[in-house]
Structures are given as C-alpha cells and as structure tokens.
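Student: Would you mind keeping the following structure in view while I ask a few things?
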Amino acid sequence: MSAPNLKEIEWAIQELEQEESSEKRYTLLAALYTCRNEMLGLSAAQPQIAAYAEAAAGAEDALDQYGDSDFLRAVAGRPPSKAWMVMDELMDTLRVVNPRAYDGVMRKLRKI
C-alpha cells in the first residue's frame, strides 16, 4: 500500500468535515490537518515552554484567587510547563474544529 498523497488527504478532510460531530471525527481531522501541513511544510511552531514556566514561576497570585472552575482545580499544583503543553494541544485542535472560537480566544489573549 502506498502512502497517501496530498489530494487523498484533502479529500478525506472534506469528507470528515461534512460528517456529524464526534470525538473520533475531531481526532481524525486533527491528524489529517497535521499530515497535510507537514506535506506542505507548514509545521506549527513549537511553544516556548521555558518562557511559560518562567512567567508562571514569577506570578505572585495564587491559583485559587482566579476562581474555582474545573479547569483551575485540575491544574492546581501541576507543573506549568506541562499544563501549557496540554493547552497548546487544545488550541491546535480548536483551530481545526472551530476556527471561530479559536480566533475569539486569540483576540482575548492579544488584548491582555
């Protein structure tokens, strides 16, 4: 079996974009977008984890001062660099499956 070419990947992406929402669909789409981007030489820049970790280490505010959401409870006490890696993966997936929401988050971050 030969490796898929760019046309086959594009076709598969178009087919999956028409299907009903599901976790499996999103996983496949993310993988296909990643393959397509690699083939086109559009690899995403890797996050600068050290910069995130340094910023978090210098923060004077305790996590519990920000709120008590499920997310904040989940990351409480976790290494910031690892939490940022998870968030970066989430943002990559969000960019693929819901570009509008991704753009909204990025606009909010740029205004900070």
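Student: What about Ser21, is it modelled with pLDDT of 75 or more, surrounded by fewer than 12 Cβ atoms within 10 Å (Cβ to Cβ) and more than 13 Å from Asp92 (Cα to Cα)? I'd like the intermediate steps shown before the answer.
Tutor: Details: modelled with pLDDT of 75 or more: yes; surrounded by fewer than 12 Cβ atoms within 10 Å (Cβ to Cβ): yes; more than 13 Å from Asp92 (Cα to Cα): yes.
Judged against the criteria, Ser21 is a match.
Student: Being in contact with a helix residue (DSSP H, G or I) (Cβ under 7 Å, 6 or more places away or on another chain) and at pLDDT 80 or above: is that true of Pro80 here? Spell out the reasoning first.
Tutor: On the way: in contact with a helix residue (DSSP H, G or I) (Cβ under 7 Å, 6 or more places away or on another chain): yes; at pLDDT 80 or above: yes.
So Pro80 passes the test.
Residue-by-condition table, conditions (1) assigned to a helix (DSSP H, G or I); (2) modelled with pLDDT under 75; (3) touching a strand residue (DSSP E or B) at 6+ places or on another chain (Cβ under 6 Å); (4) of a type outside the set (S, T, N, Q):
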{"position": "Cys35", "(1), (2), (3), (4)": "yes, no, no, yes"}
{"position": "Ser43", "(1), (2), (3), (4)": "no, yes, no, no"}
{"position": "Ala51", "(1), (2), (3), (4)": "yes, yes, no, yes"}
{"position": "Met87", "(1), (2), (3), (4)": "yes, no, no, yes"}
{"position": "Arg100", "(1), (2), (3), (4)": "yes, no, no, yes"}
{"position": "Gly104", "(1), (2), (3), (4)": "yes, no, no, yes"}
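Student: Considering only residues that are within 21 Å of Tyr102 (Cα to Cα) and either basic (Lys, Arg) or surrounded by fewer than 14 Cβ atoms within 10 Å (Cβ to Cβ) (or both), which ones fall in segment 77-86?
Tutor: Once the filter is applied, which keeps residues that are within 21 Å of Tyr102 (Cα to Cα) and either basic (Lys, Arg) or surrounded by fewer than 14 Cβ atoms within 10 Å (Cβ to Cβ) (or both), segment 77-86 yields Lys82, Val86.
The values are calculated or read from the model by the stated rules, or taken from the named source; none is laboratory data. The structure displayed is predicted, hence computed values, not measured ones. In this analysis, Cβ positions are derived from the backbone assuming ideal geometry, glycine residues included, and neighbour counts consider all displayed protein chains.
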